[in-house]
Amino acid sequence: MLVLTAMLLLTLAPPPGMVKVSGGSYAPLYAREDDRIAVGPFLLDRYAVTNEQFREFVRAHPEWRRSKVKRVFADVRYLGHWTGDLDFDPALAKSPVTHVSWFAARAYARSLGKRLPTQAEWELAGSASEKRADGTLEPGFSRRILDWYARPTRPALPPVGSTYRNYYGVYDMHGLVWEWVDDFQTTMVGGESRGGGDGDLFCGAAAADARDRSDYARFMRYAFRSSLKARYTLANLGFRCALDLPSGKKP
Amino acid sequence: MKRTITALLLSSLLAGCSSPPTPSASPSPAGALPEEVAVLTSAPEVPPPITRKHSAKVSVKLEVSEVESELAPGVTYTFWTFGGEVPGKFIRIREGDEVEFHLQNRPDSKMPHNIDLHAVTGPGGGAAASFTAPGHESVFSFKALNPGLYVYHCATAPVGMHIANGMYGLILVEPVGGLPKVDREFYVMQSEFYTEGAHGEPGLQPFSMEKALDENPDYVVFNGKVDGFGGDQAQVVKVGETVRLYVGNGGPNLVSSFHVIGEIFDTVYIEGGTTKNKHVQSTLVPAGGSAIVDFKVEAPGTLVLVDHSIFRAFNKGALGKLKVEGPENPLVYSGKQADVVYMAEGSTIQRIPGSRAPVGKPTANKEERIARGEIVYKRNCVACHGQEGKGVPKVFPPLAGSDFLTSPEVAVSAVVNGLSGEIKVNGETYNNVMPNLQLSDEDAASVVTFVLNSWGNKGGDVSPKTIARVRVK
């Protein structure tokens with residue numbers, strides 16, 4: 001039902017809170033220099049999901065409350081910054097929800113007829129600066145990301161929308177929280193070829209292409225995603241939702 | 001080819017999907033060995049020697065945290081650490097021990113981390129098995145097959161950045177039978193830092209990838225910061241004692257020409273292994289490598305630890321101090337304390353003819369000048385004139401209660417124009433050289449104002465305009 005509503009709305013304009021990200025091409029981390037993957041257009045939440053919004057979800061879906069959730073779907077820190085099943089410091093209402101597992105984020109998205117963005121979609125949207133669809137080569141773009149990566153997490157997160165609005169009208173792609181993507185572990189693909197005793201290669205290769213700063217930042221993001229498991233919940237890991245365009249064109 | 005390398009790299013990073021490293025010998029059944037928890041220490045301390053005559057199952061718990069702290073006076077940096085400080089905790093085990101390693105990543109960390117211990121025989125040195133998200137803990141086990149002094153470091157992509165931010169330390173695997181007994185043991189680890197701002201630029205400095213790639217560090221230091229070994233907490237040993245330094249080099253790039261001014265290493269365990277060399281002046285310590293040096297101190301004074309790639313020492317911070325106390329021994333050494341003469345230069349670059357003095361940010365009033373002057377003093381003057389402005393008798397004149405400083409201009413001139421030849425201060429004759437330091441008008445005004453208002457001196461305020469007037473163009 002919800003899906004249907006969402007689809008109907010799409011025929012006119014993006015649903016409230018979402019913007020259209022026009023497709024483009026995207027160079028995956030493990031690609032050769034000229035290797036690019038086409039990403040079709042899609043809709044993306046303007047902001048990361050907030051504590052307030054997530055509370056509405058767990059109110060309607062008690063199985064996702066802190067006291068009820070199955071351990072296999074979320075580790076012991078799930079919603080750990082809340083004070084109860086439906087309670088948290090009111091100052092955090094508009095801050096991004098964190099301490100949510102991939103399973104919980106997916107369930108939230110589904111409840112609204114949405115989905116999580118793919119890694120490729122997220123990276124495409126994340127490479128936009130304030131002024132350009134591809135801002136990765138702008139001076140200061142990577143600096144901002146790397147500076148944020150370098151700082152420990154603040155005890156209380158600021159509200160969504162407090163960093164910057166990018167070319168597509170999406171806020172806080174970098175500088176607020178890490179975000180779940182649907183296929184966060186796909187970077188593993190192709191990993192079977194590893195034999196024993198490749199320790200040297202492993203260390204040496206980490207510097208490959210590091211001359212490009214944006215790649216350096218991207219390296220850190222992939223490393224971060226690779227450290228996750230679907231039930232993990234972290235103090236600085238939230239999410240936002242995506243949706244296919246009505247044409248149904250999959251990226 | 002690149003695709004293959006990167007794919008291999010990534011696969012090694014992925015703890016979740018990789019099989020754990022398989023040690024060549026399968027571990028003994030639980031309970032076969034006595035169990036104990038390793039004592040970990042922060043530099044310069046070293047855990048006590050191992051006295052047991054058998055192997056043990058040793059549990060090591062190491063917590064990773066990301067902390068902002070001081071890199072140099074007035075300069076801070078966000079360090080990524082093994083145990084809250086740089087270098088990481090010193091781990092001491094015995095050859096044949098079975099180690100159960102717990103790597104804990106604090107919940108407020110931004111990054112996942114792991115550990116590659118060079119003492120581990122197995123893929124990645126434990127890196128793949130220990131890859132840990134913030135707020136999680138990884139456990140893996142290994143057997144200490146080879147004795148020696150080993151570096152450990154983080155190997156999470158981008159590896160260079162994780163190491164550059166401070167993620168390294170030492171693990172000593174004592175040989176069966178132990179190392180020869182010495183009176184004192186210390187932990188010294190050299191490393192470099194690459195900052196966006198130039199050396200000494202105040203405030204929180206971010207990591208500079210460009211400088212790291214160019215291998216052009218702003219700071220080369222012992223134990224994680226300028227004056228990290230023997231600064232505020234000077235290490236003191238006594239004449240006649242035998243001293244052992246466990247020396248590591250975290251890099252990320254530079255090879256150290258490790259040297260102690262005023263000493264000869266009686267024994268060097270080359271590269272931290274079993275081969276001993278005798279009577280060594282300087283020993284190479286590779287990035288990601290180590291050395292153990294033993295020496296007996298025979299004469300009182302201050303021994304100065306340096307990287308003898310010497311600009312790193314006097315201009316980038318690679319200086320450490322070990323005080324030796326006890327009676328003079330004129331047979332071994334007689335004369336004035338020449339060991340400190342090398343310290344005559346501050347870290348500020350001495351003036352190159354024709355170059356322009358740097359411009360500093362303006363200070364608004366006397367209080368600001370005193371505060372800033374203290375930082376400038378610590379960076380440039382303390383090596384000769386001392387923390388308390390007392391100088392060194394007969395070598396470097398005191399600034400505290402000095403009758404030579406009859407007017408602020410005298411001090412200003414010494415700072416901006418230099419001073420050489422014989423002078424008399426408080427009845428004592430000094431004949432030495434004070435270099436012309438390349439300080440901005442603001443920094444020079446600040447440091448003189450600080451001196452005038454410290455250690456019971458009469459007070460006063462020197463403005464940058466005075467500096468410009470007195471400076472010889």
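With the simple model of a label 7 Å out from the Cα in the direction of the Cβ, residue B:266 to residue B:35 spans 4.1 nm. Take every Cα pair under 8 Å whose residues are at least 6 apart in sequence, average their separation, divide by the length of chain B, and the relative contact order is 10 percent. Listed by chain and number, the lysines whose C-alpha is less than 25 Å from the C-alpha of residue B:366, apart from same-chain residues fewer than 8 away, are B:378, B:390, B:458, B:465. A crude spin-label estimate for the pair residue A:138 and residue B:196, with each label 7 Å from Cα along the Cβ direction, gives 1.6 nm.
Where both bridge residues fall in chain B, DSSP classifies roughly 70% of the beta bridges as antiparallel. To the nearest ten degrees, helix B:366-380 and the longest principal axis of the Cα atoms of chain B are 60 degrees apart.
The stretch between residue B:181 and residue B:417, if pulled fully straight at 0.36 nm per residue, gains 79.8 nm over its current Cα-Cα span. Taking the longest Cα principal axis of chain B as reference, the axis of helix B:441-452 is set at about 80 degrees. FRET efficiency for the residue B:323 to residue A:13 pair, using the beta carbon distance and R₀ = 51 Å, is estimated at 0.10. Taken residue by residue and averaged, Cβ atoms of other chains lying within 10 Å of the Cβ of A:231-237 number 5. A simple spin-label model places pseudo-atoms 7 Å from Cα toward Cβ; at residue B:255 and residue A:25 they are separated by 4.4 nm. Among the listed pairs B:143/B:278; B:361/B:394; B:53/B:89; B:225/B:361, those with a Cα-Cα distance over 26 Å are B:143/B:278; B:361/B:394. Report note on the peptides B:206-216, B:179-189: ranked by the mean count of other C-beta atoms within 10 Å, highest first, their order is B:179-189, B:206-216. Take each residue in B:105-113, count the other chain C-beta atoms within 10 Å of its C-beta, and the mean is 6.
Each residue of the range A:117-128 was assigned a 3J(HN,Hα) from its phi angle through the Karplus expression (A = 6.51, B = -1.76, C = 1.60, θ = phi - 60°), giving x, 6, 4, 5, 5, 4, 5, 4, 5, x, 8, 7 Hz with x at Gly and Pro. Counting every alpha-carbon pair across chain B, the share separated by more than 42 Å comes to 24%. Computed from the alpha carbon atoms alone, the convex hull of the range B:396-452 holds 71 Å³ per residue.
Rounded to 0.05, the FRET efficiency of the residue A:67 and residue A:91 pair, given R0 = 30 Å and the Cβ-Cβ distance, is 0.85.
Sparse packing (at most 12 other Cβ atoms within 10 Å of the Cβ) combined with a DSSP loop state is found for the following trypsin sites (Lys or Arg not before Pro) in the range A:118-193: A:131. Across peptide B:134-143, the mean count of Cβ atoms from other chains lying within 10 Å of each residue's own Cβ comes to 3. Helix B:408-417 and the longest principal axis of the Cα set of chain B meet at an angle near 60°. Across the range B:413-450, the residues whose backbone nitrogen lies under 13 Å from the label position 7 Å along the beta-carbon direction of residue B:404 are B:413-415, B:418-435.
Here, each number is a calculation from the coordinates, and none is a lab measurement. All values derive from a computational prediction rather than experimental measurement. All Cβ positions, even for glycine, are placed from backbone atoms using ideal geometry, and neighbour counts span all protein chains on display.
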